[in-house]
Ligand SMILES: [Zn+2]
């Protein structure tokens, strides 16, 4: 196992037919069938123009087309020509790194000894197993005031004593790691994670006031040095990051304290705070190839100066290894997490829109890459060399421009596609289905009106709220009204279509009972303009709850609903989105009928993967049809028992839709969360009928894609829709050698239909560095993106492999990555010592969090549906969302400064940080838990809940009361800040020490 490593896809490579592609793992595993294909073969002509000859550049001189260059946003005109002061270092030469000590390039096995890998693997395993086991311990077993279980408090595993050496300690970092360009801003010595206390003011903010009998927070207690026993030299305190569970922490006889001192282990909080302190609030200009962006947790203003904003693309490393051998040696996944429709804050420039009229976008003749800052103009501007395939192309006459003395076009700054990393093109008819401009999309609302939904008031709630929500349908910014049409269907075991044409006095219902072969009984009057038909629609929404008030129908269908929606969109010749509100296992006789196959006996067996697979292939072929017709499906589930999320969720997943789940929905507790989600989903920015293509410069290529995507071939990522919260993670592999000079270039092009019905191309370009030095690779990594990749690749693999194998692969690959660093980039050290690259300081902690996720590690209290649900959510997450999901924010509320507008400093997400005297807020992007210690200060309880004591709190509340006190206002403000920009509305759950054991869900997130 230890030699197998992970390297992304290989062990996971049994893709589902038709869903993912089966990525070759050439190079790493020596698969000859993929190793030697010529580059031209690797990059067949692009998706976005393979069909139409018109996409090719016109041979003759076309009439000079309009060189329109407008902005998507409000500032459509009058933008300054010279947007960026100073010489633009776009695509500039890579920063030259100081020569690093030569590293050997021999084969992997000789580089890293099996023993050290095994040892690392054991350490990681120990973290996971121990922490999970002890994490389940009831609080009564712990010392008073503290929950006993903590991730890192477990005693060392018996397998490891051989590596425990008195006096061993992690070494100080190699200077090259610390001082290389790119690394230094991230790691000023004064802020080092485990270094000697830095400036007092900085430390102070990490250190909440200690509570009686314990030390909270991640500060530097003065007694820290004592943990190091005999080794007292200053250098030993400034190691780049100790390893949780690292033997040195427990070394040195006599050992009075068996438990690990958490404060001496590198913690995510401090890494996050350090990045905020050094890079927060600043302008981050994307003008340098291969530069490492601020962490996702750091707020800054991003200025596009030739590379796509990290809001759109983040990479696991910003410096690719030059050769596949080197990639194999380091085993660091080479991947990009692309969120093409990411929301851009109002203080950043929205994307410019380029319109070349009938000429369409300028593209390389050979690889079809779009004009971008990576194209090099030559021969006085008459030709250009493609940065991706090196082909020399003629500049089409309409696009000709002279060059300046630097060889740069005179209109460099006037054209977004020459100077910016991201921009949009207006697409020509060649890019449209059947060469016809698309119709604006439609939204179809499909409400399950079976007995339980009527009885619990859900149908009434949906109908009532839709009236106002439909007034806020998304629209193009320059338009006054939305172009989106709407339609309505209700269903139980039959389907009811409604005619809501504006000239009707009353809506008309048409029932379709043949659910075996659904047809759409009406075209005219089904999809309507909301404003024109407002009174008929309101009439309908008022009537629906009463229409079915006496229904006793319990059975529902599911696949026929999706089929009906898709057929309706097809008939109307438009893309669109289905909003389905569904509650039960579809047991009615119809295609896609499901049975309850939940079987806890499969857990922890090799057959556990079956629980994650759909129980019929109906949904996969339905998803395929939906994608082919631009029909995206968003599903709101309200289950009171097992509904088979693995089956029902497949269509939403593969069509770029979203799955929401509200267990045991209760009107008075859960409606707010549901309505927030519904409102947000209706209004969010979205593109329809999309095809994404990721092009790369020669030497490497995209080999695997993870996300809400459908692949009909190996290169075109098809999405019925993609919204602002969805990310696709793309893995890259080497074809050939990469050059340090030209770097590794990525261009992501998404062809899509806007909400107004315009066909557009959205282009994101990113240049990465390449190096033959492993140290450069390691110092350019981004752990948050790595975890996003590992999570998605592992969660995809869950369908095919035993979970135990997947966990082992993750552990082993982490060990491999760290062992390679140690072997090649760090000074020689004893076997028991471990050195973490600065960029991966928290990788072991985050990996531990991933390993403890309920998808990879079953827990008795977590249902099969919940696991399938979390699996699906993670598959489409961007880096910011996966970071919060796997390492939730834990805020001590009892230390609130009511006069401050700042969030309280987060503390490490560990049970040991909770105390009976405190109140803590835990948020992971799906849920918020307000954890109340039984001895929390009465004035706080009064201030937040307006009740005199802990005992008076209503533990069922899901919304905090508006008390009007400073504490209440402050806490509610904090919650709304955390909620901002998150795709899912987080319901608040109260929990206390007494309730803690029963709240398994909370425990899942306390590592
Ligand atoms: Zn090219």
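The values are calculated or read from the model by the stated rules, or taken from the named source; none is laboratory data. This one's a predicted model, so the numbers in the text were calculated from it and none came from an experiment. Note that each Cβ is placed from the backbone with ideal geometry, even for glycine, and that neighbours are counted across all protein chains shown.
Restricting to the range 524-533, name every residue that is part of a loop (DSSP other than H, G, I, E, B) and surrounded by 11 or more Cβ atoms within 10 Å (Cβ to Cβ).
525, 526, 527, 530, 531, 532, 533
Scan the helices (runs of 4 or more DSSP H) fully inside the range 610-667 and keep the ones with 1 or more residues being under 16 Å from residue 689 (Cα atoms) and touching a helix residue (DSSP H, G or I) at 6+ places or on another chain (Cβ under 7 Å).
Those helices (runs of 4 or more DSSP H) span 618-628, 650-654.
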Selected residue [surrounded by fewer than 24 Cβ atoms within 10 Å (Cβ to Cβ), part of a loop (DSSP other than H, G, I, E, B) and touching a helix residue (DSSP H, G or I) at 6+ places or on another chain (Cβ under 9 Å)] from 900, 912: 900
Failed condition for residue 619, given (1) modelled with pLDDT under 95; (2) crowded, with 17+ Cβ neighbours inside 10 Å: (1)
Residue within the range 320-328 that is within 15 Å of residue 749 (Cα to Cα), crowded, with 24+ Cβ neighbours inside 10 Å, more than 10 Å from the ligand (Cβ to nearest atom) and in contact (Cβ under 8 Å) with a residue 60 or more places away in the chain present: no
Number of the exception - residue 384 against (1) within 16 Å of the ligand (Cβ to nearest atom); (2) in contact with a strand residue (DSSP E or B) (Cβ under 9 Å, 6 or more places away or on another chain); (3) outside any strand (DSSP E or B): (3)
Checking residue 684 against (1) buried (at least 22 other Cβ atoms within 10 Å of the Cβ); (2) farther than 20 Å from residue 729 by Cα; (3) in contact with a strand residue (DSSP E or B) (Cβ under 6 Å, 6 or more places away or on another chain), the condition it does not meet: (1)
Test for residue 601: is it modelled with pLDDT under 95 and assigned to a helix (DSSP H, G or I): yes
Flag if residue 365 is modelled with pLDDT of 95 or more, within 14 Å of the ligand (Cβ to nearest atom) and assigned to a loop (DSSP other than H, G, I, E, B): yes
Selection status of residue 569, crowded, with 23+ Cβ neighbours inside 10 Å and within 22 Å of residue 482 (Cβ to Cβ): yes
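Do we find that residue 437 is part of a loop (DSSP other than H, G, I, E, B) and away from the ligand (no atom under 16 Å from the Cβ) in this structure?
Yes.
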The range 387-407, residues that are assigned to a strand (DSSP E or B) and more than 16 Å from the ligand (Cβ to nearest atom): 403
Options 755, 686, 682: the member that is more than 16 Å from the ligand (Cβ to nearest atom), touching a helix residue (DSSP H, G or I) at 6+ places or on another chain (Cβ under 8 Å) and under 15 Å from residue 577 (Cα atoms): 682
Flag if residue 355 is away from the ligand (no atom under 16 Å from the Cβ) and over 30 Å from the mean Cα position of the chain (by Cα): yes
Scope the range 571-588; condition in contact (Cβ under 8 Å) with a residue 60 or more places away in the chain and over 28 Å from the mean Cα position of the chain (by Cα); matching residues: 572, 573, 574, 584, 586, 588
Given (1) within 16 Å of the ligand (Cβ to nearest atom); (2) under 30 Å from residue 687 (Cα atoms); (3) within 34 Å of the chain's Cα centre (by Cα), number of the condition residue 376 does not satisfy: (2)
Test for residue 337: is it closer than 16 Å to residue 420 by Cβ, more than 16 Å from the ligand (Cβ to nearest atom) and touching a helix residue (DSSP H, G or I) at 6+ places or on another chain (Cβ under 6 Å): no
Total residues in the range 287-304, condition out of contact with any strand residue (DSSP E or B) (no Cβ under 7 Å at 6 or more places or on another chain) and under 21 Å from residue 776 (Cα atoms): 5
Residue in the range 976-986 that is surrounded by fewer than 20 Cβ atoms within 10 Å (Cβ to Cβ), more than 21 Å from residue 894 (Cβ to Cβ), at pLDDT below 85 and under 26 Å from the mean Cα position of the chain (by Cα) present: yes
Tally of residues being free of Cβ contacts under 8 Å to residues at least 40 places away in the same chain and either within 16 Å of the ligand (Cβ to nearest atom) or within 15 Å of residue 361 (Cα to Cα) (or both) across the range 408-428: 0
Filter result (within 22 Å of residue 787 (Cα to Cα) and touching a strand residue (DSSP E or B) at 6+ places or on another chain (Cβ under 6 Å)) within the range 305-323: 308, 309, 312, 313, 314, 315, 316, 317, 318, 319, 320
From the options 403, 410, 351, residue that is surrounded by 19 or more Cβ atoms within 10 Å (Cβ to Cβ) and touching a strand residue (DSSP E or B) at 6+ places or on another chain (Cβ under 9 Å): 351
Among the residues listed as 543, 531, the single one being more than 15 Å from residue 510 (Cβ to Cβ) and in contact with a helix residue (DSSP H, G or I) (Cβ under 9 Å, 6 or more places away or on another chain): 531
